[in-house]
Amino acid sequence: REVFAEETIDSVCPFCGVGCLTSVSVKDGRIVKVDGRDGPANENRLCVKGRFGFDYVSSPQRLTRPLIRRDDAPKRGDISMDLGNYLDYFREATWDEALDRAASGLKAACEAKGGAGVAGFGSAKGSNEEAYLFQKLIRQGFRSNNVDHCTRLCHASSVAALMEGIGSGAVTAPFSAAGDADCMIVIGARPAQNHPVAATYFKQAAKKGTKLIVMDPRGQDLMRYAEHGLKFKPGTDVAMLNAILNVIITEGLYDSQYIAAHVDGFEALKEKIRDFTPEAMAPVCGIDAGTLREVARLYATSAKSIIFWGMGVSQHVHGTDNVRCLIALALVTGHIGRPGTGLHPLRGQNNVQGASDAGLIPMVFPDYRSVESPDIRAEYEDAWGRTLDPVRGLTVVEIMNDILAGGIEAMYIQGENPAMSDPDQAHARKALASLKHLVVQDIFLTETAWHADVILPASAHAEKLGTYTNTNRQVQIGRPCVPMPGEARADWELMIEIANRLGLDWSYDGVPAIYEEMRSHMPSLNNISWERLEREGTVTYPADGPDEPGNEILFGQSFPTADGRARIVTTDLVPPDELPDEDFPLVLTTGRMLEHWHTGAMTRRAAVLDAIEPEPVVSMNPRDIKLAGLEIGQEVRVETRRGAITLTLRADRDVSTGMIFIPFCFFEAPANFLTNPQLDPFGKIPEFKFCAARIMPS
Ligand code: SF4
């Protein structure tokens, strides 16, 4: 193994979709410091996670040897987060034994049931190359499209609506475009917590004169900079947004020339929107009619307006409808395709954009090309030399349901933690525990890995080469800074080992070779060779020529749809799936917190971050705390129809009365034991942002 001397290495942050470029200082094979670099998404800035969240890489809890479940291990599904006794559950194995066992179990399920017996979850934390190889492995190796990843849980509804409306699921403009805008809407997103460096661009824009409109059922930091802060009732996005569309249409504030040239569906929208007057919608969404009118006028009449949104929009049973409304706003006003305008779903994970682009989705090959198209499938069958599954696969939550229905028998999970991230955890963990064979490839003994038959110790972001695509469509290189611990190996190497044990005869002489094969299937990466990435560091896709800069602003002249036109899709009021009632009178919403990332597997093992937020909390408005006879700081029990957890009560005036908020990063009190698995019918995303709950002293 290569020993790394004292040096500084250029890389990219492993946490959120902002994609800040970093300089990683290394001494004696350990990371000692991370600084910001002058990247297009961060201009030397870093947030607390990027700067202080690196020591998880050298955690003594890293997996260093392959593990195989003991024949006499306690029942599958028992999770002991006391790492002192993991050898009661697993025994150490050689690489050959572990890889043979991993591949043979997957192969057996495929022989028994065909592709329908196998599924895989890849990772939005891995590189583009790893995402490409993972989906190729499941499709080519098992003739199955049952391959998905955590995009299903964050922006699947955004992608569904964007593909339908404008023919592309990616952002139309980078977040730095806020600085060119006269007006910006931030809805259902909390950038100061979840995209902190992007939030600095939003604050700077607001300070320089961009009129900021923040829409969020919870108050937030960004509202201090806002012209309008709309704390609307949770789950009423469509009512509020359709009321704004109603004002734009009835007051003639739309751009009829733009609509005639580029947009279909306007007449149907005009008809549909008639009943959504601000007066009628004000009691539904909790925002007075006057404010709805002012916001509509501000957005529509500004010369350049842009919309940013997050998972407060997407994680609902009406998530796709929410995004359809945002698309309609941009299309009727012509606020798209010019500097300072556009639509930008703020992507969560560092590589959720890239993993989705690379085909880690059950319906599509790389670049969102349908698996159900005979022509496209024939292209891959030629390239990969095998017949492929002609039917779209199952999504994340559908896979869990299918396991329990006796369908899928074996899974390969790389770098995802569904035992913490899936809704209705008791159900999800029961599904994982009832698999006949589970292979988990990860860097820690995660809650998911405790369910595994075979655990493959893999590589952390800072230990491997790969490309990552941020929320701005900027492709950037992450570089190895430190050696892997013990016998851990790079994820892409492990996939090759499994593929070859399935008889696929894969051979790649390194990450650049994988990138170039992936790129040969992805027109979006035309003109972005590995050499160019090495040379320039960051390239935005699409790029028109090998020496042309990438296009930051998309869809000025036409849309990538069959006829080049965009399409408005109308929406109705659809209530949240589970409304509060006498038994469960509160609305529970879940999400992230600034210091911890997703399920906490990395940041809970980063000393500084865990010291700042060390324990599970539920946040509640102080008035509700008083009314309920509870005490700030006391231990409370939160229950929903699916489960109960115990955690500490925190007062937070930003949380509206009648609501509670719980972050989902704490294994001691997993918020997803409580959440509702009901899916949006289009994006198949669960309703993490709304369910009925109650709280009591523990
Ligand atoms: Fe990393 Fe995101 Fe923070 Fe930037 S904003 S340092 S990418 S976590």
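The values are calculated or read from the model by the stated rules, or taken from the named source; none is laboratory data. Owing to the predicted nature of the structure, the values given are computational and were not obtained by experimental measurement. Counting neighbours? That spans all protein chains shown, and the Cβs are built from the backbone with ideal geometry, glycine included. Side chains are part of the model used for accessible areas, which takes the heavy atoms of the whole protein and leaves out ligands, DNA and RNA. Shrake-Rupley method; radii C 1.70, N 1.55, O 1.52, S 1.80 Å.
Residues that are crowded, with 16+ Cβ neighbours inside 10 Å and in contact with a helix residue (DSSP H, G or I) (Cβ under 6 Å, 6 or more places away or on another chain), at least 2 per element: which helices (runs of 4 or more DSSP H) completely within the range 440-554 meet that?
491-501, 511-520
Condition check: of a type in the set (Asp, Glu) and either without any contact (Cβ under 8 Å) to a residue 24 or more places away in the chain or within 14 Å of the ligand (Cβ to nearest atom) (or both). Does residue 72 satisfy that?
Here the answer is yes, as residue 72 does meet what is asked.
May I ask you to say which residue of 624, 610 is farther than 20 Å from residue 688 by Cβ, over 23 Å from the mean Cα position of the chain (by Cα) and surrounded by 13 or more Cβ atoms within 10 Å (Cβ to Cβ)?
The conditions single out 624.
Output yes when any residue across the range 295-308 is in contact with a helix residue (DSSP H, G or I) (Cβ under 8 Å, 6 or more places away or on another chain) and surrounded by fewer than 24 Cβ atoms within 10 Å (Cβ to Cβ), and no when none is.
Yes, that holds for at least one residue.
Which of (1) within 23 Å of residue 220 (Cβ to Cβ); (2) open to solvent by less than 20 Å² (accessible area, probe 1.4 Å); (3) part of a strand (DSSP E or B) is the odd one out, the single condition residue 648 does not satisfy?
Residue 648 satisfies all of (1) within 23 Å of residue 220 (Cβ to Cβ); (2) open to solvent by less than 20 Å² (accessible area, probe 1.4 Å); (3) part of a strand (DSSP E or B) except (2).
If you go through the range 585-604 one residue at a time, do you hit one that is in contact with an Asp or Glu (Cβ under 8 Å, 6 or more places away or on another chain), of a type outside the set (S, T, N, Q), part of a helix (DSSP H, G or I) and open to solvent by 10 Å² or more (accessible area, probe 1.4 Å)?
Looking for residues that are in contact with an Asp or Glu (Cβ under 8 Å, 6 or more places away or on another chain), of a type outside the set (S, T, N, Q), part of a helix (DSSP H, G or I) and open to solvent by 10 Å² or more (accessible area, probe 1.4 Å), one finds at least one in the range 585-604, hence yes.
Filter the range 84-97 for residues that are modelled with pLDDT under 85 and open to solvent by less than 50 Å² (accessible area, probe 1.4 Å) and give the result.
Listed by number, the list holds a single entry, 85.
Before we move on, is residue 216 farther than 30 Å from residue 563 by Cα, at pLDDT below 95 and not small (Gly, Ala, Ser)?
No, not satisfied.
Out of all the residues in the range 195-204, is one or more away from the ligand (no atom under 15 Å from the Cβ) and crowded, with 24+ Cβ neighbours inside 10 Å?
no
Test residue 577 against the criterion of being modelled with pLDDT of 95 or more, within 30 Å of residue 331 (Cβ to Cβ), acidic (Asp, Glu) and not in a helix (DSSP H, G or I), and give yes or no.
Considered against the rule, which asks whether it is modelled with pLDDT of 95 or more, within 30 Å of residue 331 (Cβ to Cβ), acidic (Asp, Glu) and not in a helix (DSSP H, G or I), residue 577 comes out as yes.
Looking only at the range 22-56, filter to residues that are near the ligand (Cβ under 9 Å from one of its atoms) and within 21 Å of the chain's Cα centre (by Cα); which one of those is farthest from residue 606 (Cα to Cα)?
41
One residue is enough: does the range 265-274 have a residue meeting the conditions over 30 Å from residue 564 (Cβ atoms) and open to solvent by less than 30 Å² (accessible area, probe 1.4 Å)?
no
Across the range 169-191, which residue is nearest to the ligand (Cβ to nearest atom) among those that are open to solvent by 20 Å² or more (accessible area, probe 1.4 Å) and of a type in the set (Gly, Ala, Ser)?
Checking each candidate, the answer is 176.
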